[in-house]
Structures are given as C-alpha cells and as structure tokens.
Amino acid sequence: MSVIARRLRTVMGERRDQGAANRLCRACVEVSGVDAASISLMLNGTAIGTLGTSAVAARTYDEVLFVCGEGPCLDAVRNGSPTVVPDLADPTETRWPAYAAEMLHRDIQAVCAVPIALAGEYVGAVALFRSTAGTWAAEQIATAAIAAGLAEMPLLGLIERAAAVDDPEPEAEASNELDTVIRAEIGQATGVLMVRYGLDASSALVRLRARAYSTGCNVVDLALDVIEGRIRLNAD
C-alpha cells in the first residue's frame, strides 16, 4: 500500500458511513494541496447525489454538476476513465459550456475527476477542484484514483444499512442518510411536476434544473418549494 493510500485509509477510520466519505474528501485536500474535493453519485448518466465533500463549498460544486447536467464527473463515469481539466477558462475547452461558466463564477478553474467502480459498474466519481489553472501533477491524479477505490467502502456501507431488515430503527436511520445523499427531494419534486404538467420524468427533471440554473437557487430548496406547493413551474 502506498504512502498516500495508507494516509487516506487511516483518516477514513473503520466506520463505513457518510462521515467516512467526508473525511476521505478532506484528506484528499490535505494530501494533494487542492482547494476542495467531492464524491458524486451517478445513475443512468445523471448526477443523483453527493456521498461526501471536503467542505460546504464542495457540495455547491456538486450541485452545479446536477443543475447543468454536464461536467467532468459525468464524462469520467460515461467513459470509465479519468477526466482531467487544467483550465476551464481555456477557449479551446468547449465540452461543458454551462458547467464551466458556473464553476469559473465560483473561482474554480481546474478539475480532476476519477470514476468509482462498484460491482463492475461506474457509479460515481471523486473530483478534486483547484482555484488555479495549470497541469495536474501525477500525485494529485493518483490521490483522486486511490480515493475513488476507497470510496467504495462508505458507499457499500450506506447501501447495506439501507437494505438491512433485522432492526427497524437503524434501518430508518440509514434510509434517512440515503435520502440525504441522493437528494430524495428532487425525485419527489420530479414526480410532482410529472403529475401536474403531464411530463415524462426526463422533461420534469429538465424543467427543475432549468429553474435552478436561471434563478441560481439551491436545487434542493427549489425541490422542497415545488413539493410543498410554494412555487409552480408553469408549462412552456
């Protein structure tokens, strides 16, 4: 086991929960000298949740990925290989125009994303963020790759606890944790929009994303407003 792997593994500790994922992200920041780190979860080409972050700012970066529906993490999962971006402001970098604009607005210029594999499927990505442009060092990319391997443990722990049936109380607690991770409110709001406007799931999700993007509001807060009837996203 490499020095980096030992350090990350030690910081995570023995618990396999969201706290371990957050500690892993913070350790990535300390080891690689980046500004932030996050662990995103994906399903069918969509960012569905945030397993861990190094700080509050990193969670907002992950929300940008969801709202824009594009970005390095999604490409890393789709291609099954790291996506390394030295400079989002580079005029030749045209892969994610909406994502790049939002991240630059948040003073993030470089992103390194490495996919997470679970049971032979790519289910998420570890992302490192820098406020300065420039080539990513081999050690920084290696840190993200090692973290992607270690991220399987808290993810599996979360899934196992949510699936447990022997003890109802821990099961309920784990279910709440899973709901938080995968932004369950967004799924509920999508359902509301489908019923209210006769939309399919994809169109309803696009409408929710579009409102969050155009208003700059937190997507989970927006979802709660939709669920509780405080806002209506009128049909176009």
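Observations on the model:
- For segment 73-161: rounded, prolate or oblate by the Cα gyration tensor [a/c cutoff 1.5]: prolate
- Peptides ranked, highest mean first, by Cβ atoms within 10 Å: ranges 70-79, 214-223: 70-79, 214-223
- Model label zone, Leu118; criterion: amide N under 13 Å from point 7 Å along Cα-to-beta-carbon; scope segment 79-103: none
- Ile141 paired with Asp200, simple spin-label distance in nm, labels 7 Å along Cα-to-beta-carbon: 3.8
- Footprinting exposure proxy for Trp96, Trp136 (fewest neighbouring C-beta atoms within 10 Å first): Trp136, Trp96
- Shape class for segment 184-227: oblate, because the ratio a/c of the largest to smallest gyration tensor axis (alpha-carbon atoms, square roots of eigenvalues) is 1.5 or more and b/c is at least a/b.
- Here the label points at Ala55 and Arg95, each 7 Å from Cα along the C-beta direction, are separated by 2.6 nm in the simple model.
- With the charge dipole of segment 184-227 set up from +1 on Lys and Arg Cβ and -1 on Asp and Glu Cβ about the Cα centre, the Cα lying farthest toward the positive end among the listed residues Gly191, Val219, Ala201 is that of Ala201.
- Our compactness index for the chain, the C-alpha radius of gyration over the empirical 2.2 N^0.38 Å, is 1.02.
- Here the chain is treated with +1 on each Lys and Arg Cβ and -1 on each Asp and Glu Cβ, and its dipole about the Cα centre works out to around 360 debye.
Values in this text are rule-based calculations from the coordinates and carry no lab data. Keep in mind the model is a prediction, meaning the values are calculated, not measured. A quick note on method: Cβ atoms are made from the backbone with ideal geometry, for glycine too, and the neighbour counts reach across all protein chains shown.
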